[in-house]
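Bear in mind these aren't lab numbers, they're just calculated from the coordinates by the rules spelled out. Just so we're clear, the structure is a prediction, and the values are computed from it rather than from any experiment. Neighbour counts are summed over all protein chains in view; Cβ atoms, including those assigned to glycine, are modelled from backbone coordinates with ideal geometry.
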Amino acid sequence: GKNLGLNDDDFVLVQLSNQARVRVFDESFSTFFVGANGYITFTRGDQDFSQTLQEHFDTLRISGLYADLSAANEGVVTGKQLTNRVAVTWLEVSEFSSTAPNTFQIEMFYDGKIRLSWLEIGSRENIVGLSDGLGLSPDFEETDFSIRYADP
């Protein structure tokens, strides 16, 4: 995909071409914001890096890995529009205070399907998932990547 030019704690507006639109929670968008810290937002750009559940859920967003990431070093964030979807990839993007890389992708299909894929997770504390922007759900539990497996 095309390098989106993200560094530390910034975001970029992406405009889809050919009248393409993505859908999230029954809302349709021809533009969206890609955040260096591992998420896509739709109603406003976001520089949040603090990884709090309240901040995750205060905005309509898809979080592939909501962490204090920095693409200023070796990593790169790219975007590519395809015929049936748009894909945003965080390739070997490390946390601000670490060199452990993170590689993951968010794909938004024009029919409303969303696919998150993780290839390499170097971070240990972060949030993944969807937020409708209506506040923290009472039963939500944060993802813990420090636990690699569980006993049956």
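Computed over the chain, the P(r) curve from all C-alpha pair distances, binned at 10 Å from the origin, holds 12, 44, 35, 9, 1 percent per bin. Basic side chains Lys and Arg get +1 at the Cβ, acidic Asp and Glu get -1 at the Cβ, and with that the dipole of region 40-93 about its Cα centre reaches some 360 debye.
Toward the positive end of the charge dipole of the chain, about the Cα centre and with charges on Cβ (Lys, Arg +1; Asp, Glu -1), which of G135, S123, G5 goes farthest? Checked the options; the winner is G5. Taking D139, D111, D46 as the candidate residues, the one with maximal mean-square fluctuation in a Gaussian network model of the chain, Cα springs under 10 Å, is D139. Residues in region 37-48 carry Karplus couplings, in order, of 8, x, 9, 10, 10, 10, 9, 6, x, 9, 10, 4 Hz; the curve used is 6.51 cos²θ - 1.76 cosθ + 1.60 with θ = phi - 60°, and Gly or Pro positions show x. Along region 105-111 the Karplus relation, 6.51 cos²θ - 1.76 cosθ + 1.60 evaluated at θ = phi - 60°, assigns HN-Hα couplings of 9, 10, 10, 10, 7, 5, 8 Hz to successive residues, with x for each Gly and Pro. Quick one: what are the phi-derived ³J(HN,Hα) couplings along region 49-57, Karplus 6.51/-1.76/1.60 with θ = phi - 60°, whole Hz, x for glycine and proline? Computed from phi, the couplings for region 49-57 are 10, 7, 6, 8, 4, 4, 6, 4, 8 Hz.
In angstrom, the C-alpha Rg and Dmax of region 69-128 are 12.5, 38.
When the Gaussian network model of the chain links Cα atoms closer than 10 Å, the mean-square fluctuations of T52, T41, T103 top out at T52. Database remark: amide H of R85 closer than 5 angstrom to the amide H of Y110 (H placed geometrically; neighbours at sequence offset of 5 or more, or on other chains; Pro and chain starts carry no H). From the alpha carbon centroid of region 1-18 to that of region 56-85 is 9 Å. The orientation-averaged projection of the convex hull spanning the C-alpha atoms of region 1-64 amounts to 4.7 square nanometres. Only helices enter the 222 nm calculation for the chain: every DSSP H run of n ≥ 4 contributes -39,500 (n - 2.57), and dividing by all residues gives -500 deg cm²/dmol, rounded to 500. Of the residues G133, G64, G38, the one that moves most in a GNM of the chain with alpha-carbon contacts below 10 Å is G133. As an exercise, use a Förster radius of 30 Å and the Cβ-Cβ distance of R23 and A100 to find the FRET efficiency, rounded to the nearest 0.05. Rounded to the nearest 0.05, the efficiency is 0.35.
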